[in-house]
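The values are calculated or read from the model by the stated rules, or taken from the named source; none is laboratory data. Only a predicted model underlies this, so the values are computations on that prediction, with no experimental measurement involved. Note that we place each Cβ from the backbone using ideal geometry, even for glycine, and neighbour counts take in every protein chain shown.
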Amino acid sequence: MTPAAAAARRILLIEDNPGDAALIVELLGFDDRSFVLVHVERLSAGLARLREAHFDAVILDLRLPDATGLDTVRAIRAETEDTPMVVLTGLADEALALACLEAGAQDYLEKDHLPRTDLRRSLGYALARSHEAAQRRRADALQRHLATIVESSPDGIVSINAQGDVTSWNRGAERIFGFAATEVVGRPFGELLSPPTDAPAHAEELALVERTLAGEDGVTVELSRVRRDGVPVVISVVTCRITDERGQTTGLAAICRDVTEARGRDAELRRRNHELEQREQQMRALTIRLNQVREEERTRLSRAVHDELGQLLTGLKMDLRWITRRLPDDAPPWANAIAQRVGEAEGLTDKLLRAIQRIAIELRPSALDALGLASAVRDEARRFEERSGIPTDVEVSGAEVPPAEVATVLFRVLQELLTNVARHAQASLVTVDLALGPDAFRLQVQDDGVGIPADAEGRPGSLGLLGIREQVSVYAGSVEFRGVPGTGTTVTVRVPQGS
Ligand SMILES: Nc1ncnc2c1ncn2[C@@H]1O[C@H](COP(=O)(O)OP(=O)(O)OP(=O)(O)O)[C@@H](O)[C@H]1O
Ligand SMILES: [Mg+2]
């Protein structure tokens, strides 16, 4: 498209009189290519052309073979809402001309005066007026569209002027606040809802309005108020400034949302979380207490077994020894049989003493209380080595002393892990690493066996690892187990200092 063609106005001339048509062509002056004229002689042909292509203006004769008068104007308007229209009327048709303007024509020209008319100027005015009208219609449509959005919004949308008075109030605001628009327009926004107590009455609303008018956008507050019907509500309000074309603040818009239910849910959730936390704390305290009771019981049993049974058996052994010593060297054969039986009884008593010592240690190793965790760990590893036949190395680093309960937990964890190695690992070497650092106590048991499966924890009937996790969590500790098939298993338990 050439620049001239781009700028050219397309005019549709609907005129059956060849003389008038020729005159119009002449008046429009086609030499400068600013107009492109399409000429038809009937209304039906004109309407067809309008349907086919865009025209910037229509020049319309009111006396056509297939239509006359106002109907022609209406027919064109029905076809095109925006295209400016200049009608050609007879001298005596002034009333008709005015009716045509009302029906949507932009101008009229009297045919008899055509030679003296500045047709181009009239057309220019018509185009300008039509352009303005189209703009106004678009602006009106946009405003209607925006008004529909505002009206249908479930949020309250309120506009407020620079004095803090309400200037508009949508249906959402009516629902949230309980006031109709007619009741509040013109009243101060800050005084619509009562605060739950009289004390800082409306201070928040006033501050909200003031801050926004002072230039702050997006001011957000949550207001706890009592609605007109006495129902307490929590309303979240966000504001934005309204400015004029020079950017001056003329008022503000407040978008209000009823968040009563959501806040109620939040409060309920907080209450339940609090309850859960409390229960967790109670469970933790209970676990600690149960451990204490169990360990105290074991210690008591261990001592009873070791001391009381041990002493009785030692007494028994001494008696047996006494009998053996009293038997003469040249005793008769029956006495030799007694000596043999007494010797066997003495051997049994030794076995019993060793069993009692083992049971006493298993119940509660005295090293744990007397010599501390590191010694107890070394002893336990040695006993495990003897029992299982699997060489077991122990490394201890650091010299921090864990609290008694933590030491007991770590010791019991070691027992469970070593039992697991014996039962499941098929290992040929075990390493126990105890680090008593200033930040944390760490126990690591490593074997070179089949490797623990990733989903081992919590399998039906398997409670060992779960128990370890539970025990350690009481002291804010952590458990990590890693298995590599065919290479081995590493379990690391860490309890922070000061837990
Ligand atoms: N060192 C290990 N090497 C290989 N597999 C292991 C090792 N330790 C544990 N497992 C696997 O992890 C599973 C879970 O261990 P866990 O201690 O929780 O239960 P358990 O030993 O089977 O039963 P219990 O409740 O008596 O302890 C075991 O059944 C075993 O399959
Ligand atoms: Mg186990």
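Structure summary
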{"read-out": "Unique residue being assigned to a strand (DSSP E or B), out of contact with any Cys (no Cβ under 6 Å at 6 or more places or on another chain) and in the same structural domain as Phe189 (by TED's automatic domain parsing) when the list is Val233, Val237", "value": "Val233"}
{"read-out": "Qualifying helices (runs of 4 or more DSSP H) (wholly inside segment 345-438; at least 1 residues being assigned by TED's automatic domain parsing to the domain that holds Val472 and at pLDDT 95 or above)", "value": "373-388, 404-420"}
{"read-out": "Test: Gly156 is at positive phi and surrounded by 17 or more Cβ atoms within 10 Å (Cβ to Cβ)", "value": "no"}
{"read-out": "Residues satisfying the stated conditions in segment 76-95, i.e. part of a helix (DSSP H, G or I), surrounded by fewer than 18 Cβ atoms within 10 Å (Cβ to Cβ) and touching a residue at least 24 places away in the same chain (Cβ under 8 Å)", "value": "Arg77, Glu79"}
{"read-out": "Residues satisfying the stated conditions in segment 67-83, i.e. under 22 Å from Ala95 (Cα atoms) and of a type in the set (D, E, K, R)", "value": "Asp71, Arg74, Arg77"}
{"read-out": "Hits in segment 459-470 (condition: under 35 Å from the mean Cα position of the chain (by Cα), over 22 Å from Ala427 (Cα atoms) and more than 10 Å from ligand 2 (Cβ to nearest atom))", "value": "Arg469, Glu470"}
{"read-out": "Residue check for Asp455: at pLDDT 95 or above and not hydroxyl-bearing (Ser, Thr, Tyr)", "value": "no"}
{"read-out": "Subset of segment 212-236 that is modelled with pLDDT under 85 and acidic (Asp, Glu) - its residue that is farthest from the chain's Cα centre (by Cα)", "value": "Asp229"}
{"read-out": "Counted residues, segment 203-230 - those being of a type in the set (Val, Ile, Thr) and free of Cβ contacts under 8 Å to residues at least 40 places away in the same chain", "value": "4"}
{"read-out": "Residue, farthest from Thr408 (Cα to Cα), within segment 442-464, restricted to residues that are within 7 Å of ligand 1 (Cβ to nearest atom) and in contact (Cβ under 8 Å) with a residue 40 or more places away in the chain", "value": "Gly449"}
{"read-out": "Residues that are under 42 Å from the mean Cα position of the chain (by Cα), within 16 Å of ligand 2 (Cβ to nearest atom) and of a type in the set (A, V, I, L, M, F, W, C), drawn from segment 415-458", "value": "Leu417, Leu443, Val445, Ile452, Ala456"}
{"read-out": "Top-ranked residue of segment 423-441 - restricted to ones that are farther than 26 Å from Ala370 by Cβ and surrounded by 17 or more Cβ atoms within 10 Å (Cβ to Cβ), ranked as farthest from ligand 1 (Cβ to nearest atom)", "value": "Ala427"}
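For (1) in contact with a strand residue (DSSP E or B) (Cβ under 7 Å, 6 or more places away or on another chain); (2) at pLDDT below 95, each residue gets a yes or a no:
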site	(1), (2)
Arg442	yes, no
Arg469	yes, yes
Val474	no, yes
Val484	no, no
